[in-house]
1. What are the ³J(HN,Hα) couplings of segment 62-70, residue after residue, when phi is run through the Karplus curve with 6.51, -1.76, 1.60 and θ = phi - 60°? Round to Hz, x for glycine and proline.
2. Mind pulling up the Rg/Rh value for segment 42-89? Radius of gyration and Kirkwood radius, both on Cα.
3. Between A78 and E48, what is the spin-label point distance in nm, taking each point 7 Å from the Cα along the Cα→C-beta axis?
Amino acid sequence: MPSIDLLLIVWGIVTAALVIVTIYRGTLTLHEDDQLFLGDSESHLAKEQQELMVRLTKLTPIVRLLGATSGGLILVIAGIWIWRGLNAM
């Protein structure tokens, strides 16, 4: 059975990565606009918004994967901790 200490370290690393990616995604969405009313001279702004949307689209699966992994690891850690506690009785 894996050591709880090792699992806690792995969980901490995964959760830290999740926090970093979430903060990065938050900084990207600060520059996102819901609506753009552009003329011909502001066409470069439309291109920037499209590039921003591509970045956000690429980040979404990473955030979901890290979140699911973090949640799954903490459930496994809690399960092992409870299992060991019940067997110690």
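1. Here the 3J(HN,Hα) series is 5, 5, 5, 5, 5, x, 5, 5, 4 Hz.
2. Rg/Rh for segment 42-89 comes to 1.51.
3. 4.4
No lab work stands behind these numbers, since they all come straight from the coordinates. Keep in mind it's a predicted model, so treat the numbers as computed, not measured. We place every Cβ from the backbone using ideal geometry, glycine too, and count neighbours over all the protein chains shown.
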